[in-house]
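Data first, discussion second: the structure below is written as structure tokens.
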Amino acid sequence: MPLFPGFEWDGYFWTTTAIIPAWGGYQAREGAYGGQSSDLPAIGLIRIVFAPEGRDDSPMRPEEVSQVQWAIEHGGSVEAAAAQAVFAQYPEWQADFHEDEVAEFMPDIKTTADLKKLMGITSINVHQISASGLAYIGIELGCTWDVEHGIGVLLHGTRVVDVGGADTAILLWIAKLDAEKQQ
């Protein structure tokens with residue numbers, strides 16, 4: 001199997017980009033630390049990181065390339081699951097804000113579509129482990145209410161494993177712990 005088009009070793013991980021239309025319309029978050037990079041909505045061009053933690057620079061194996069391809073091909077389902085996870089957690093995060101800050105940083109929302117004006121994707125992190133043939137996928141997001149830590153959603157396929165700070169999307173130990181539970 002040929003190496004996924006455009007995949008390069010950047011000194012830390014294998015990376016590429018892909019357009020995933022489901023992520024279009026969110027905030028453009030290509031600034032430092034997932035900062036908003038434009039007032040225009042994103043078009044869905046996503047940075048994809050393979051093995052954000054704990055892998056060397058050896059060439060990607062065919063099954064690893066397949067994990068990334070699955071994440072891209074199922075981008076709409078992955079986006080929907082991640083948005084639903086953030087939407088479900090949103091009221092709890094919102095309750096932590098001071099009343100004066102809510103309107104600016106965490107206004108009331110009614111649907112997952114309302115999140116598009118408050119956050120945007122920084123990267124999709126495809127972990128090097130899988131369970132039951134499905135990869136662990138970390139969605140790293142920047143948001144208006146936590147510019148320092150952002151948001152992370154870890155999925156096993158489209159099943160939500162964990163939601164938290166951006167590191168949730170990157171940390172391999174969370175995926176490994178869930179994979180052990182799946183066996």
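The values are calculated or read from the model by the stated rules, or taken from the named source; none is laboratory data. Predicted, not measured: the structure shown is a model, and the values here were computed from it. Note that we place each Cβ from the backbone using ideal geometry, even for glycine, and neighbour counts take in every protein chain shown. Only protein heavy atoms, including side chains, enter the accessible area calculation; ligands, DNA and RNA are left aside. Shrake-Rupley method; radii C 1.70, N 1.55, O 1.52, S 1.80 Å.
Annotations for the structure displayed:
- Enumeration of residues in segment 107-126 that are open to solvent by 10 Å² or more (accessible area, probe 1.4 Å), within 30 Å of residue 181 (Cα to Cα) and touching a residue at least 40 places away in the same chain (Cβ under 8 Å): 121, 122
- Scanning segment 76-97 for residues that are open to solvent by less than 30 Å² (accessible area, probe 1.4 Å) and modelled with pLDDT under 95 yields nothing.
So that you can scan it fast, the table gives a plain yes or no per residue for (1) β-branched (Val, Ile, Thr); (2) part of a helix (DSSP H, G or I); (3) farther than 22 Å from residue 21 by Cα:
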site	(1), (2), (3)
77	no, yes, no
83	no, yes, no
90	no, yes, yes
103	no, yes, yes
125	no, no, no
155	no, no, no
163	yes, no, yes
168	yes, yes, yes
173	no, yes, yes
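- In segment 127-148, the qualifying residues are those that are hydroxyl-bearing (Ser, Thr, Tyr) and in a loop (DSSP other than H, G, I, E, B), and the one that is surrounded by the fewest Cβ atoms within 10 Å (Cβ to Cβ) is 132.
- The residues of segment 48-58 that are under 14 Å from residue 16 (Cβ atoms) and either open to solvent by 20 Å² or more (accessible area, probe 1.4 Å) or in a loop (DSSP other than H, G, I, E, B) (or both), listed by number, are 51, 52.
- Pairs are defined by a Cβ separation below 7 Å, a sequence spacing of at least 6 or placement on different chains, a first member in segment 155-179 that is more than 14 Å from residue 131 (Cβ to Cβ), and a second member that is surrounded by fewer than 17 Cβ atoms within 10 Å (Cβ to Cβ) and modelled with pLDDT of 95 or more; the pairs so defined are 163/89.
- Scanning segment 127-134 for residues that are in contact with a helix residue (DSSP H, G or I) (Cβ under 6 Å, 6 or more places away or on another chain) and hydrophobic (A, V, I, L, M, F, W, C) turns up at least one hit.
- Among the residues making up segment 59-75, those that are outside any loop (DSSP other than H, G, I, E, B) and either among the β-branched types (Val, Ile, Thr) or exposed (fewer than 15 other Cβ atoms within 10 Å of the Cβ) (or both) are 62, 63, 65, 68, 72, 73.
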